[in-house]
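The values are calculated or read from the model by the stated rules, or taken from the named source; none is laboratory data. None of the values given here were measured: they were computed from a predicted structure. So basically every Cβ, Gly included, is an ideal-geometry build from the backbone, and we count neighbours across all protein chains shown.
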């Protein structure tokens, strides 16, 4: 039996790094550039990058609505940095539209500019001791509503959350091969594999 197929949004950002990280965990990947690329997927990744550019390109490529339907279908979703911004219920600095599927408030570039970027220790009871996260002009979660589980923190701030089938990180786990967070998403995809594919994900 072939491994599950995961789609990685490939309009802008570090989608190549996500593909390499997921392939290292045994998953097959496909770049999502048009609506037809959503057919047959068992999971979706929204990578880091520039969220405002992604929003514009989603409109240009006619992907906003088809991708939204797939994200709402119950498929496992993994979002990092800008990808998390696209899913947050509330986006600040400045406000911008989103899919509003994660009950969190995020501040864009909330950890400062590029010079404040770096790799930091994560505080977590579900990740292995010593797990770190690389933050690059990262968004900051300032509020988490009920129903959203905080899986890791940095200096007390939530930086990794999960709400049902959606896993989202402020940092970039894809930059380290076999990072525990990427492995968690791979496990979510494989658990879903036994279930019938959601109807919305089968739409062209």
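Residues of region 99-118 being free of Cβ contacts under 8 Å to residues at least 24 places away in the same chain and within 16 Å of the chain's Cα centre (by Cα), which ones? Show your work before the answer.
We begin by selecting, within region 99-118, every residue free of Cβ contacts under 8 Å to residues at least 24 places away in the same chain; these are 100, 114-118.
Once the filter is applied, which keeps residues that are free of Cβ contacts under 8 Å to residues at least 24 places away in the same chain and within 16 Å of the chain's Cα centre (by Cα), region 99-118 yields only 100.
Provide a single number: the residues in region 18-50 that are buried (at least 17 other Cβ atoms within 10 Å of the Cβ), part of a helix (DSSP H, G or I) and in contact (Cβ under 8 Å) with a residue 60 or more places away in the chain.
5
For region 39-57, state whether one or more residues are in contact with a helix residue (DSSP H, G or I) (Cβ under 9 Å, 6 or more places away or on another chain) and farther than 20 Å from residue 87 by Cα.
yes
For the structure I just gave you, tell me whether residue 97 is modelled with pLDDT under 95, in contact with a helix residue (DSSP H, G or I) (Cβ under 8 Å, 6 or more places away or on another chain) and surrounded by fewer than 18 Cβ atoms within 10 Å (Cβ to Cβ).
yes
Looking at 128, 76, which one is touching a helix residue (DSSP H, G or I) at 6+ places or on another chain (Cβ under 8 Å), crowded, with 16+ Cβ neighbours inside 10 Å, closer than 23 Å to residue 17 by Cβ and touching a residue at least 24 places away in the same chain (Cβ under 8 Å)?
Only one candidate passes the filter, namely 76.
Residue 6 - would you say it is modelled with pLDDT of 95 or more, in contact with a helix residue (DSSP H, G or I) (Cβ under 8 Å, 6 or more places away or on another chain), on the phi < 0 side of the Ramachandran plot and assigned to a strand (DSSP E or B)?
In short, yes.
Here is a list of conditions, (1) under 20 Å from residue 179 (Cα atoms); (2) surrounded by 17 or more Cβ atoms within 10 Å (Cβ to Cβ); (3) over 16 Å from the mean Cα position of the chain (by Cα), and residue 63 meets all of them except one; can you say which number that is?
Failing condition for residue 63: (1).
Looking only at region 156-179, which residues are surrounded by fewer than 18 Cβ atoms within 10 Å (Cβ to Cβ) and within 14 Å of residue 102 (Cβ to Cβ)?
Answer for region 156-179, where residues must be surrounded by fewer than 18 Cβ atoms within 10 Å (Cβ to Cβ) and within 14 Å of residue 102 (Cβ to Cβ): just 164.
From the list 108, 113, pick out the single residue that is at pLDDT below 95, closer than 27 Å to residue 176 by Cα and touching a helix residue (DSSP H, G or I) at 6+ places or on another chain (Cβ under 8 Å). Talk me through it step by step, then tell me what you get.
Details: 113 fails: touching a helix residue (DSSP H, G or I) at 6+ places or on another chain (Cβ under 8 Å).
That would be 108, the only listed residue that is at pLDDT below 95, closer than 27 Å to residue 176 by Cα and touching a helix residue (DSSP H, G or I) at 6+ places or on another chain (Cβ under 8 Å).
Could you tell me whether any residue of region 139-155 is surrounded by fewer than 21 Cβ atoms within 10 Å (Cβ to Cβ) and within 26 Å of residue 57 (Cα to Cα)?
Checked region 139-155: at least one residue is surrounded by fewer than 21 Cβ atoms within 10 Å (Cβ to Cβ) and within 26 Å of residue 57 (Cα to Cα).
From the residues in region 149-172 that are modelled with pLDDT of 95 or more and part of a loop (DSSP other than H, G, I, E, B), which one is farthest from residue 13 (Cα to Cα)?
164
Based on what the data block shows, is residue 56 under 15 Å from the mean Cα position of the chain (by Cα) and over 17 Å from residue 170 (Cα atoms)?
Spelling it out, it is not the case that residue 56 is under 15 Å from the mean Cα position of the chain (by Cα) and over 17 Å from residue 170 (Cα atoms).
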